[in-house]
Amino acid sequence: MAIETRPLHPHVGAEMTGIDVRKPLTPAEVAAVDAGMDKHAVLVLPRQDITDEQQIEFTRNFGPLQNGANATLRRPELRLDPAFADVSNLGKNGEKLARDDRRRMASLGNRLWHSDASFRVIPARYSILSGRIVVTEGGNTEFADMRAAYDALDARTKAEIEDLICEHSQIFSREQLGFTNYLPDERAMMKPVRHPLVRTHPGSGRKSIFLSAHIGGILGWPRPEAMAFIRDLMEHATQQQFVYSHCWTRHDLVIWDNRTTMHRVRRYDDLNAVRDLRRTTTKCDGPTVAQEAA
Ligand code: OGA
Ligand code: MN
């Protein structure tokens, strides 16, 4: 099957066909996905009706897996293998989460623009999200291109942010939504980690702005000044011209590069409709800046 790539947006996102994710990939297929990712940062592979095991095997082609089970909120009752981030609105037995369920409160953080696992010392490389059950109204996933956003900054801002280091923690993103209800051991796991605000992508050589809702400060800056500046950068980076909005079809497999994009889910009727998306994630090669291990 010939591999074909069709751009979905001027900057970010392409559809890739000709790969069967249920089967082991050839080195040429892995290289084609990596090349597509280097160029488009988001790939949509339609019609991939896969099992959890097939998703994990596919993911292993793209680096070491990051444990996806929520790092910071204790979830003793996992519905899925801990390799997965459960991006559904379901509990262990397939029941819809109640309106005030803590797990639902925490997952509402996905409505804010973010980069996956930016609260970890070794953040995420690829996220691979499989649409097992999708909704017909709302629930689009939006992707913003942090390379195009970087390119569009003026020279002065580029120079200003070049060497800045940000602090990231899930505490900071959840706190934006008023969620502060953590158990003491959860709080201890959420110690802020550091990442540069500008990253250079090893595959493309392009620079990008490394933004995320998990940011809660800039090293050496007063916090309010840092947060006001981060808001400005967020506003710049998520302008419509940098954003591809993905409307899900069942069995879409969407891969994004967390080093060069942010994403968010749009509101949907999660109290009544079922949305079962399952994410596997690979890690970057190492910490982005020298720091103590978390
Ligand atoms: C994720 C995520 C968005 C969505 O899987 O990391 O943020 O559309 N998901 O559910
Ligand atoms: Mn996410």
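The values are calculated or read from the model by the stated rules, or taken from the named source; none is laboratory data. From a predicted model like this one, the values you see are computed outputs, not experimental measurements. For neighbour counting, all protein chains shown are included, and Cβ atoms are generated from backbone atoms with ideal geometry for every residue, glycine included. These accessible areas exclude ligands, DNA and RNA; they are computed on the full protein's heavy atoms, side chains included. Shrake-Rupley method; radii C 1.70, N 1.55, O 1.52, S 1.80 Å.
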In segment 238-284, the residues that are among the polar types (S, T, N, Q) and part of a strand (DSSP E or B): SER245, THR261, THR280, THR281, THR282
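Residue-by-condition table, conditions (1) touching a Lys or Arg at 6+ places or on another chain (Cβ under 7 Å); (2) within 16 Å of ligand 2 (Cβ to nearest atom); (3) at pLDDT 95 or above:
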| residue | (1), (2), (3) |
| --- | --- |
| PHE242 | no, no, yes |
| TRP256 | no, yes, yes |
| TYR268 | yes, yes, yes |
| ARG279 | no, yes, yes |
| CYS284 | yes, yes, yes |
| ALA290 | no, no, no |
| ALA293 | no, no, no |
From the options ARG6, ARG47, ARG22, residue that is outside any helix (DSSP H, G or I), out of contact with any Cys (no Cβ under 6 Å at 6 or more places or on another chain), free of Cβ contacts under 8 Å to residues at least 24 places away in the same chain and open to solvent by 50 Å² or more (accessible area, probe 1.4 Å): ARG6
Some residue of segment 18-38 being over 17 Å from the mean Cα position of the chain (by Cα) and under 30 Å from THR180 (Cα atoms): no
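One line per residue, one yes/no per condition, for (1) touching a Leu at 6+ places or on another chain (Cβ under 7 Å); (2) away from ligand 1 (no atom under 16 Å from the Cβ):
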site	(1), (2)
SER107	no, no
ASN110	no, no
ILE122	no, yes
VAL135	no, no
ASN140	no, no
PHE143	no, no
TYR150	no, yes
LEU164	yes, yes
Set GLY139, GLY131, GLY220: member being farther than 28 Å from GLY63 by Cα and within 16 Å of ligand 2 (Cβ to nearest atom): GLY139
Failed item, numbered, when SER245 is tested on (1) more than 16 Å from ligand 1 (Cβ to nearest atom); (2) open to solvent by 30 Å² or more (accessible area, probe 1.4 Å): (1)
Candidate set from segment 255-294 (those that are more than 11 Å from the chain's Cα centre (by Cα) and closer than 17 Å to TRP113 by Cα); member that is farthest from ligand 1 (Cβ to nearest atom): ARG267
2 or more residues out of contact with any strand residue (DSSP E or B) (no Cβ under 6 Å at 6 or more places or on another chain) and surrounded by fewer than 16 Cβ atoms within 10 Å (Cβ to Cβ): qualifying helices (runs of 4 or more DSSP H) within segment 83-179: 155-161, 170-176
Filtered residues of segment 198-229 (kept if open to solvent by 10 Å² or more (accessible area, probe 1.4 Å) and assigned to a helix (DSSP H, G or I)): ARG223, PRO224, GLU225, MET227, ALA228, PHE229
